[in-house]
Amino acid sequence: MKKIASFALVSSLVLASSAAFAGGIVDPVVEPAPVVVTEGTSSSALPLWAVIGGVVVVGAVLSSSN
């Protein structure tokens with residue numbers, strides 16, 4: 001009975017010690033948060049396109065009435 005108990009104790013110690021040295025604890029890797037860069041558009045560009053579009057529409061209306 002002592003041989004079985006000692007074999008069980010030794011085998012459990014061997015398994016526990018091999019698991020403890022099987023790589024250790026891995027340090028967590030913190031990934032940086034993604035940076036989103038948004039470029040604002042100039043507010044003066046919108047009225048310029050509206051003026052150009054208006055001139056084109058008015059020109060088309062005036063040229064088709066002749």
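The values are calculated or read from the model by the stated rules, or taken from the named source; none is laboratory data. Only a predicted model underlies this, so the values are computations on that prediction, with no experimental measurement involved. Note: areas computed on protein heavy atoms with side chains; ligands, DNA, RNA excluded. Shrake-Rupley method; radii C 1.70, N 1.55, O 1.52, S 1.80 Å.
Tabulated results
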read-out	value
Residue ID - modelled with the highest pLDDT, chosen from residues in segment 24-50 that are at negative phi and open to solvent by less than 90 Å² (accessible area, probe 1.4 Å)	Ala33
Any chance Ala19 is open to solvent by less than 100 Å² (accessible area, probe 1.4 Å) and modelled with pLDDT of 80 or more	no
